[in-house]
1. Can you tell me which of (1) under 33 Å from the mean Cα position of the chain (by Cα); (2) buried (at least 16 other Cβ atoms within 10 Å of the Cβ); (3) in contact (Cβ under 8 Å) with a residue 60 or more places away in the chain is the one S138 doesn't meet?
2. Can you tell me which residue among Y125, Y132, Y151 is of a type in the set (F, W, Y), closer than 19 Å to A97 by Cα and buried (at least 19 other Cβ atoms within 10 Å of the Cβ)?
3. For the range 146-181, enumerate the residues that are in contact with a Lys or Arg (Cβ under 7 Å, 6 or more places away or on another chain) and not aliphatic (A, V, I, L, M).
4. Quick check on this structure: which one of S157, S138 is at pLDDT below 95, within 15 Å of A87 (Cβ to Cβ) and among the polar types (S, T, N, Q)?
5. With the structure loaded, tell me whether A111 is in a loop (DSSP other than H, G, I, E, B), under 31 Å from the mean Cα position of the chain (by Cα) and either at pLDDT below 95 or more than 30 Å from D185 (Cα to Cα) (or both) or whether it fails that test.
6. Please work out which residue is surrounded by the most Cβ atoms within 10 Å (Cβ to Cβ), limiting yourself to the range 154-168 and to residues that are assigned to a strand (DSSP E or B) and of a type outside the set (D, E, K, R).
7. Can you find, within the range 141-154, the residue that is modelled with the lowest pLDDT among those that are of a type in the set (S, T, Y) and closer than 19 Å to H86 by Cα?
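The values are calculated or read from the model by the stated rules, or taken from the named source; none is laboratory data. The structure displayed is predicted, hence computed values, not measured ones. So basically every Cβ, Gly included, is an ideal-geometry build from the backbone, and we count neighbours across all protein chains shown.
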Amino acid sequence: MTDNAGMSDPGADSAAAGDAHDGAATPSAGVLAPAAPEPPSTGDVVMRYRARMRRQLRWYFAVVAVVVIALVAFAVVILRRGEAAHAHLHVAAVPAAALPSGAPAATQALAWRSDDTTAIGEPYYKGTVVTYDQHTVSGRNAATGARLWWYTRTDVSVCSVAEQDGKTIALFDHNGNCDEMTTLDTRTGQRVWYRTLDSNARPTNGRPLVAINQYTILLTTAEQVHAIDPSGGI
């Protein structure tokens, strides 16, 4: 007679083990898995983009403002220290009429006089006579002597002035050297060109001798010779 009290059923044991395994590995029907994060909405993306752009625009306008302030400050310094702060140009409202040609009158009489120095070259051009003093170059009505236009530099002195074929070339003394040239239209006083006599980093020292003909103004020092076209300054 066999005693089955201490023996187990293999099939029952396997079924029980399987049930236990299934219960440990399989979640119950009432437990939910973690949900995946939702992508940001279109509105959120647009708001973040606009916020980033506003920050960038604030930086951009701040940099532009700094650059503008620096340029304005530089311009103020140049205007206060440069030629513009010490120069005044008054142009002719109406150019003088040319004097009629013909034989001189039998009796001569003084029409007008001036304490200015007369320009070298051809000081008379189509109704205008060019004169100058220490700081001012003037174009005068040849018939009356009245000033039609004038150009004044209070920071420098006039070294010499020449007139040739409608161009008035003024040479100015800068720190003891006559090396700044300004050319004006003889009839109106309008500025035509400006240049210095420095060449290849070599300054013009002292007071050059000035001579002029139809095509060239010649400036000569002990070390340099400049031949310049009065019409263009080259």
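1. (3)
2. Y125
3. Passing the criteria: R147, C159, G166, F172, C178.
4. Details: S138 fails: at pLDDT below 95.
Exactly one residue qualifies, and that residue is S157.
5. Values: in a loop (DSSP other than H, G, I, E, B): yes; under 31 Å from the mean Cα position of the chain (by Cα): no; either at pLDDT below 95 or more than 30 Å from D185 (Cα to Cα) (or both): yes.
Judged against the criteria, A111 is not a match.
6. Selected residue: T168.
7. Within the range 141-154, the match that is modelled with the lowest pLDDT is T154.
Yes or no, residue by residue, for (1) touching a residue at least 40 places away in the same chain (Cβ under 8 Å); (2) touching a strand residue (DSSP E or B) at 6+ places or on another chain (Cβ under 9 Å); (3) more than 20 Å from G166 (Cβ to Cβ):
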position	(1), (2), (3)
H86	yes, yes, yes
S101	no, no, no
Q108	no, no, yes
W112	no, yes, yes
T118	no, yes, no
Y124	no, yes, no
T128	yes, yes, no
T131	no, yes, no
A142	yes, yes, no
